[in-house]
Amino acid sequence: MRSHYCGQLNESLVEQHVTLCGWVHRRRDHGGVIFLDLRDRDGIAQIVVDPDTPEAFASADRARSEYVLKIVGRVRLRPEGTQNADMPTGMIEVLASRVELLNSAQTPPFQLDEHGKVGEEVRLKYRYVDLRRPEMVERLRLRSRITHSVRAYLEEHGFLDIETPILTRATPEGARDYLVPSRTHPGHFFALPQSPQLFKQLLMVAGLDRYYQIAKCFRDEDLRADRQPEFTQIDIEASFVEENDIMSITEAMVRGLFRDVLEVELPEFPRMPYSEAMHRFGSDKPDLRIPLELVDVSDLMADVDFKVFSAPANAADGRVAALKVEGGAALSRKQIDDYTRFVGVYGAKGLAWIKVNERAKGLEGLQSPIVKFMENVIEELLDRVGAKDGDVVFFGADKTRIVNDAIGALRVKLGEDLNLYTRRWAPLWVVDFPMFEVDDAGRLSACHHPFTAPSCSPEALKADPASALSRAYDMVLNGTELGGGSIRIHDQQMQKAVFEVLGIAEQEASEKFGFLLDALQFGAPPHGGLAFGLDRLVMLMVGARTIRDVIAFPKTQSAACLLTEAPGEVSAQQLKELNLRLRQKNGE
């Protein structure tokens with residue numbers, strides 16, 4: 001039906017006849033001549049319709065915003081003074097000889113060039129209109145280029161694209177499962193996969209050696225800007241590998257992606273132990289573009305006459321950390337109060353601070369309500385954080401977890417608010433994660449997942465699980481975890497030891513993971529892998545604020561689809577076939 005896309009037109013086609021199809025982006029009347037901006041997925045072309053072609057002119061006169069048209073015409077150079085150097089097709093226009101109305105359109109719910117004034121709910125409800133915007137088209141085009149590049153790289157390196165089941169059984173992977181009732185097995189349920197984890201391990205046991213999949217995954221969890229109930233993973237697994245092998249393969253893949261798609265050469269990927277990342281940045285995914293660091297001052301605060309500091313400084317699970325901000329003394333009291341409320345979201349009870357106005361004057365040159373409590377350590381404190389005139393020092397004092405969460409988040413917030421970024425891209429690997437994390441009740445849970453291999457023997461693991469390190473690694477970019485992976489457990493006794501430490505009884509382990517434990521008896525090779533969040537990767541590469549802007553049909557933060565009004569009710573007959581009955585809500 002068409003000979004060219006609108007965005008393909010340029011000076012090389014002058015005097016050629018073309019056929020275009022698309023939507024009316026704008027319509028303008030100028031002195032009896034009608035100008036149409038015709039838009040398709042590749043760009044916008046200016047169409048000129050003269051009264052000399054009565055039928056075409058009449059059709060153009062009826063056209064309105066988002067009408068679907070077919071245009072036949074001749075490409076010509078725009079007259080001198082009317083060219084648009086900012087537009088890819090801005091040097092030419094098409095003189096129409098025929099304008100065919102393929103379909104009309106109601107007035108769209110928002111102007112495509114004014115979407116910023118429209119709420120996200122409207123954009124998601126009319127997503128098919130929102131996706132017509134050139135910005136959205138370009139994001140989905142870039143997403144397609146990324147997946148194409150990933151497939152090409154992995155195929156070149158011997159990986160096989162293998163699909164794993166969507167209907168499987170529930171496994172503990174850190175979030176709630178989406179359950180699917182079985183009609184043919186009354187009272188039994190499938191689960192949608194949180195990841196293809198167990199199946200890709202079984203593929204390694206099967207001897208397929210190198211697997212990848214661009215896989216849909218599902219997690220019924222609370223949502224944030226970078227989370228969705230269904231999301232896409234670039235899933236990778238290989239046999240006879242160690243940490244360095246997987247990290248080298250995937251780092252080269254990401255470098256190639258940035259080079260091919262963005263023409264960007266990423267800098268060095270440093271490796272940082274988890275303990276160092278938490279100590280210096282309060283986060284296991286630190287944004288290294290921001291030059292601020294947490295400095296531990298617990299030893300200095302152990303004997304001060306200020307229990308807010310001395311109590312956590314002397315507690316086994318406590319920490320007092322300082323964060324110096326160069327030039328931060330210029331922050332107003334209102335700004336500091338706003339930051340105090342901000343850290344409160346992370347459990348901090350307050351935000352202590354010292355403004356360094358003039359260090360040479362001693363205490364007189366400092367501005368803070370807490371200086372009087374630490375006169376005997378103030379100089380050593382300021383020396384340790386490297387404070388100079390004009391700086392401000394913030395403090396976190398509480399349980400280590402709360403201090404890391406709160407002051408780590410404050411560090412990122414200050415970096416954004418004060419534009420402290422020192423570079424565009426800052427990748428790194430975080431390694432040597434703990435095998436387990438301990439909750440407030442003293443219960444252990446897997447830091448990654450229970451199939452991650454520890455760095456010690458089964459006996460050492462059971463003797464001191466809280467101190468065990470895992471063979472896990474995360475790739476981080478600009479403070480966002482792009483992907484996480486590990487060397488897996490390939491020995492049945494080690495897998496049983498991990499289940500035992502996690503309190504998973506032998507019978508429960510057999511019921512839930514018997515097929516995996518059985519497989520590990522039949523010659524499982526050493527293996528490991530990594531899974532990237534494709535949506536997060538695309539979000540970072542295009543500079544979007546949320547992953548909803550790089551997914552064609554995303555859900556809202558309440559996990560609803562405004563377009564299809566899902567989730568929805570089902571009929572009584574469907575429930576009967578599934579042997580289900582809904583409980584009445586209170587008051588009904």
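The values are calculated or read from the model by the stated rules, or taken from the named source; none is laboratory data. Please read these numbers as outputs of a predicted model, since none were measured by experiment. Counting neighbours? That spans all protein chains shown, and the Cβs are built from the backbone with ideal geometry, glycine included.
Tally the residues that are part of a helix (DSSP H, G or I) and in contact with a strand residue (DSSP E or B) (Cβ under 7 Å, 6 or more places away or on another chain), restricting the search to the stretch 537-570. Residues in the stretch 537-570 being part of a helix (DSSP H, G or I) and in contact with a strand residue (DSSP E or B) (Cβ under 7 Å, 6 or more places away or on another chain): 2 in total. Out of the residues in the stretch 516-537 that are free of Cβ contacts under 8 Å to residues at least 40 places away in the same chain and surrounded by fewer than 16 Cβ atoms within 10 Å (Cβ to Cβ), which is farthest from Arg227 (Cα to Cα)? For the stretch 516-537, the residue satisfying everything is Gln521. With the condition kept exactly as written, say whether any residue in the stretch 457-472 is touching a residue at least 60 places away in the same chain (Cβ under 8 Å), in the same structural domain as Gly514 (by TED's automatic domain parsing) and surrounded by fewer than 17 Cβ atoms within 10 Å (Cβ to Cβ). No, the stretch 457-472 has no match at all.
Applying the condition of being under 30 Å from Phe189 (Cβ atoms) and in contact with a Lys or Arg (Cβ under 9 Å, 6 or more places away or on another chain) to the stretch 144-172 and asking which residue is surrounded by the fewest Cβ atoms within 10 Å (Cβ to Cβ) yields Asp161.
If you take the residues in the stretch 162-219 that are at pLDDT below 95 and part of a helix (DSSP H, G or I), which one is farthest from Thr232 (Cα to Cα)? Filtering the stretch 162-219 for residues that are at pLDDT below 95 and part of a helix (DSSP H, G or I), the one farthest from Thr232 (Cα to Cα) comes out as Leu198. Per the conditions (1) surrounded by 13 or more Cβ atoms within 10 Å (Cβ to Cβ); (2) assigned by TED's automatic domain parsing to the domain that holds Val264, the sole criterion not satisfied by Ala505 is (1). Identify, please: which residue in the stretch 322-372 is among the β-branched types (Val, Ile, Thr) and assigned to a helix (DSSP H, G or I) and is, among those, surrounded by the most Cβ atoms within 10 Å (Cβ to Cβ)? Here the answer is Val343.
Scan the stretch 302-317 and report the pairs whose first residue is assigned by TED's automatic domain parsing to the domain that holds Leu381 and more than 17 Å from Lys372 (Cα to Cα) and whose second residue is among the charged types (D, E, K, R) and surrounded by 15 or more Cβ atoms within 10 Å (Cβ to Cβ), with Cβ atoms within less than 9 Å and a gap of 6+ or a chain change. Listed pairs, sorted by first residue: Pro312/Arg319; Pro312/Asp398; Pro312/Lys399; Ala313/Arg319; Ala315/Lys399; Asp317/Lys399; Asp317/Arg401.
Filter the stretch 491-536 down to residues that are part of a strand (DSSP E or B) and out of contact with any Phe, Trp or Tyr (no Cβ under 7 Å at 6 or more places or on another chain) and give me whichever is nearest to Glu481 (Cα to Cα).
Residue satisfying both the conditions and the ranking: Phe532.
For the condition farther than 13 Å from Val94 by Cα, touching a strand residue (DSSP E or B) at 6+ places or on another chain (Cβ under 9 Å) and crowded, with 16+ Cβ neighbours inside 10 Å, Asp61 does not qualify.
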